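Right, one structure below, let's go through it.
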Amino acid sequence: MEVAAPLPSWSIYAILIAQGSIYALLVWFLGRARGKTAETFLSGGRDIGHGMINASVVATWVWAATLMISSWTGYQYGFIGPWWYALGATVPLPLMAYLGRRVRTVMPRATSYPEFMAHRLDRKNHILHSSISTVVSLWITVMIITGGAIMGHAFTGAPFWAIALLMVIIFVSYIPLAGLWASILADTVMSLMLYVCLIIIAVAVLVKIGPGEIWAGLTEVAATKPTLQPAIGEAEQLSQWDGLNWLNPAGLGFLVVNIVGNLGAVLCNQTYWSRVIGARDPNTAFKSFMTAALCWWPIPLATGTALGVAALSRGLVVGETYSNGGATILFTEAEAVAPVMAFLVLGFAGLTIFILAVGSATISTGAGEILAVTTVFVNDIYRGHINPKARDRTLLVASRATLYVIAAALLAVVIFFREIGFSFAGMYQAMGIAFSSAVIPVIMACFVKNTNREGAFWAAIIGSVCGMTYWLATGADLLWGVVWGNIIVLSVSAVIAVTWTIMRPQPFDFDSLKESEGATGG
């Protein structure tokens, strides 16, 4: 589809390259010594303080989805959408605070959460969670690249594949220099940039449009029921026309999907466990995740309201072209409502600010997720099963090589998904079905001393199979099919793990983990 782009195509390349160059230079001058051993490369030295860990969690949890999909929920469900997005995605962070403190306390030398599962449960659970963690990180990175490339394409008309390629290159431009510490340092800088950019946008909408005009616009949409998305079904249109309802049914369904999906996206994601591992001590990890929850939740709430709800109140129509100050932009798809609205409110300044925000979020989270896959592969698969006696130098070389291989594979997947038309919103909503069946087994492994190993293993597998089977039976429906699929995944997993543990308890001594190290569980 031809895009009426208000900015030249080179602008997206210039902005992304400038950001990547800044992070690479900062890491080179401040922390390249952290990349001299495999231990410091993968663990960050285990001495990072609260401020950097807090900023890193916030920056890592702000995906392109946080800005793009939170705005889409405001456009799709009305004013309640950003509230449900923010609530559902905040829930996992306090839980992660407790899990992280627990694991750092009972197994201080762990490098990954699958490694903890290996010693706490057994070998088959270790292999399973290594696979799940890898899928989680890869899935999220695909969404991150897709969201960022959609934004860049809508703003500049640059080819989707070219933007995706540049993002992947930037991901691996500074991480190989110092590993986890490099990722956390860049996250700290990016979080500051995010706050500044998003505050400017939110204040601009408040001043230029105002709550009164937004309310009047939502009332008009509810009364006139315009067709704003010609390609969607009747049920989705009804949810969009119900934008003033706290109990918008489709919005509540999204809340369920958001909670379940994000539980898996955090608790089964080595990216966040790496922040736990890199923290100075268990209390630092706990405090960092707790405060990150408070710092993070206003971001999607404010962004989704300012850009998504305001767009709905103005009746923006997908497929229409809009102008500001002589420049035009084509509203290509509902998921791109945020950049379109930023342009309409602030013109070229809005475009630049939003590109900086999404670019920062994309680079931050994408780099962290690729490093997470690398950590699991090198620490848990290569050292755990292929070459347990590998020397530090070998592990370091394997870590850097793995980063590049994963980056190339991800780029291919992103382009393939784009070619077959799998939507950005669809990727986000389906992620809970893909991997959140492992959430209950992880929680039980951390806190329930009688957790049954077989129960934990089969709960994760059967829960996912049941949810996926149901969802596919609905034709991969992205309205209620995905809601019930997420509910089935979590419920079946919980019933199996809890029932099996009650019937066949297997007591475990957590003190035995104190000196454990390496992915060589029983």
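The values are calculated or read from the model by the stated rules, or taken from the named source; none is laboratory data. This one's a predicted model, so the numbers in the text were calculated from it and none came from an experiment. All Cβ positions, even for glycine, are placed from backbone atoms using ideal geometry, and neighbour counts span all protein chains on display. Ligands, DNA and RNA are excluded from the accessible area calculation, which covers all protein heavy atoms including side chains. Shrake-Rupley method; radii C 1.70, N 1.55, O 1.52, S 1.80 Å.
Computed values, structure above
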item	result
Residues being in contact with a Phe, Trp or Tyr (Cβ under 9 Å, 6 or more places away or on another chain), of a type in the set (Val, Ile, Thr) and under 15 Å from GLY359 (Cβ atoms) - total across the range 4-36	1
Residue count for the range 219-242, restricted to those that are touching a Phe, Trp or Tyr at 6+ places or on another chain (Cβ under 7 Å) and open to solvent by less than 90 Å² (accessible area, probe 1.4 Å)	3
Residue check, ILE199 within 30 Å of LEU396 (Cα to Cα) and either touching a Cys at 6+ places or on another chain (Cβ under 8 Å) or surrounded by fewer than 19 Cβ atoms within 10 Å (Cβ to Cβ) (or both)	no
Some residue of the range 428-438 being more than 22 Å from GLY264 (Cα to Cα) and either of a type in the set (Asp, Glu) or buried (at least 23 other Cβ atoms within 10 Å of the Cβ) (or both)	no
Single unsatisfied condition, GLU320 versus (1) in contact (Cβ under 8 Å) with a residue 12 or more places away in the chain; (2) more than 18 Å from the chain's Cα centre (by Cα)	(1)
Selection status of ILE132, crowded, with 23+ Cβ neighbours inside 10 Å and touching a residue at least 40 places away in the same chain (Cβ under 8 Å)	yes
When residues of the range 473-522 are limited to those that are open to solvent by less than 30 Å² (accessible area, probe 1.4 Å) and part of a loop (DSSP other than H, G, I, E, B), the one nearest to PRO108 (Cα to Cα)	SER516
Breaking point among (1) within 18 Å of ILE127 (Cα to Cα); (2) open to solvent by 20 Å² or more (accessible area, probe 1.4 Å), for ASN452	(2)
Residues satisfying the stated conditions in the range 146-171, i.e. touching a Phe, Trp or Tyr at 6+ places or on another chain (Cβ under 9 Å), among the hydrophobic types (A, V, I, L, M, F, W, C) and at pLDDT below 90	ALA149, ILE150, MET151, ALA154, PHE155
Residue in the range 291-318 that is surrounded by the fewest Cβ atoms within 10 Å (Cβ to Cβ), counting only those that are farther than 20 Å from LEU218 by Cα and of a type outside the set (A, V, I, L, M)	PRO298
Inter-residue pairs, beta-carbon under 7 Å, first closer than 12 Å to PHE171 by Cβ and in the range 394-418, second open to solvent by 50 Å² or more (accessible area, probe 1.4 Å), 6+ apart	LEU410/LEU138; LEU411/LEU165
Given (1) over 22 Å from the mean Cα position of the chain (by Cα); (2) open to solvent by 20 Å² or more (accessible area, probe 1.4 Å), number of the condition LEU356 does not satisfy	(1)
Scan of the range 173-189 for residues that are open to solvent by 10 Å² or more (accessible area, probe 1.4 Å) and closer than 19 Å to TRP61 by Cα, ordered by number	TRP181, LEU185, THR188, VAL189
Residue list for the range 1-47, restricted to those being surrounded by fewer than 21 Cβ atoms within 10 Å (Cβ to Cβ), small (Gly, Ala, Ser), modelled with pLDDT of 85 or more and on the phi < 0 side of the Ramachandran plot	SER9, SER11, ALA14, ALA18, SER21, ALA24
Odd one out for ASN450 among (1) at pLDDT below 95; (2) assigned to a loop (DSSP other than H, G, I, E, B)	(1)
Residues of the range 132-176 classified as in contact with a His (Cβ under 8 Å, 6 or more places away or on another chain) and either in a loop (DSSP other than H, G, I, E, B) or under 19 Å from SER70 (Cβ atoms) (or both), total	1
ALA162 aliphatic (A, V, I, L, M), closer than 17 Å to ILE370 by Cβ and more than 19 Å from the chain's Cα centre (by Cα)	no
Residue among GLN229, GLN237 that alone is assigned to a helix (DSSP H, G or I), over 25 Å from the mean Cα position of the chain (by Cα) and over 30 Å from ARG102 (Cα atoms)	GLN237
